[in-house]
1. Can you give me the % of accessible surface on the range 31-137 that is carbon or sulfur? Probe 1.4 Å, all protein chains present, nothing else counted.
2. Full-extension gain between Thr95 and Gln30, please, as 0.36 nm times their residue separation minus the C-alpha to C-alpha distance.
3. Just the Cα atoms of the range 65-107, one point each, no solvent: what log10 I(q)/I(0) does Debye give at q = 0.31, 0.33 Å⁻¹?
4. How much accessible surface does Ser132 have with a 1.4 Å probe, in Å² rounded to 10?
5. Quick check on the chain: helices-only [θ] at 222 nm, where DSSP H runs of length 4 and up contribute -39,500 (n - 2.57) each and the sum goes over total residues. Nearest 500, please.
6. Quick one: accessible area per residue over the chain, 1.4 Å probe, rounded to a whole number of Å²?
7. Among rounded, prolate and oblate, which fits the range 60-137 when a ≥ b ≥ c are the square roots of the eigenvalues of its C-alpha gyration tensor, a/c under 1.5 means rounded, and a/b larger than b/c means prolate?
8. Of all the C-alpha pairs in the range 39-86, what % are more than 17 Å from each other?
Amino acid sequence: MADLNRIYEITIVRFTPDPTPTARTFSSGQNAVTWLGDPNEFECFIEASVMQDKYCFGDFLLWCSGEYARARINEHRDHDASYTESTFANGKVITFKDEDGSLFTQSGVMILPRQLAIDAIRAWLIDLNHPSFLRWN
């Protein structure tokens, strides 16, 4: 069922080794979630955007590197995800690739378990709310 003429666009950039983007649009969040599946590339960047008419409801950005991830929701400002309840990546510095292949590092509570971050983008695509199992600043 379509979601009020909303357009859901997902872009996945796979690094093979150069950035290779694949983009698709959908008329429902559920269809977008189904297509997204469970990306299993060691390194990838995912951007999900939701539009209706000329209005953007936000973007969910997800960087994955191995078992780790970094997540952000852009609405009127950036909302970065953290996972303070876990010592998952305690003391680790993880390198991620941005959509253009450039590298950046992240440490501390901003490093998320990959599966939890993928669950978060799926949940956001369904209801456009910040998933409550992560902390958003």
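The values are calculated or read from the model by the stated rules, or taken from the named source; none is laboratory data. Everything quoted here is computed from the prediction, not taken from an experiment. Areas reflect the complete protein model, heavy atoms only, side chains present, ligands, DNA and RNA absent. Shrake-Rupley method; radii C 1.70, N 1.55, O 1.52, S 1.80 Å.
1. Numbers: 2520 of 5360 Å².
Result for the range 31-137: 47 percent of the exposed heavy-atom area is carbon or sulfur.
2. Values: separation 65, 0.36 × 65 = 23.40 nm, distance 3.08 nm.
Gain on stretching Thr95 to Gln30: 20.3 nm.
3. -1.21, -1.23
4. Ignoring ligands and nucleic acids, Ser132 comes out at about 110 Å².
5. On the way: 2 runs with 22 residues, N = 137.
Rounded to the nearest 500, it is -5000 deg cm²/dmol.
6. Numbers: 7280 Å² over 137 residues.
Using a 1.4 Å probe on heavy atoms only, each residue of the chain averages 53 Å².
7. Values: a/c = 1.69, a/b = 1.25, b/c = 1.36.
Taking the square roots of the gyration eigenvalues as a ≥ b ≥ c, the range 60-137 is oblate.
8. Values: 494 of 1128 pairs.
In whole percent, the share of Cα-Cα pairs in the range 39-86 beyond 17 Å is 44.
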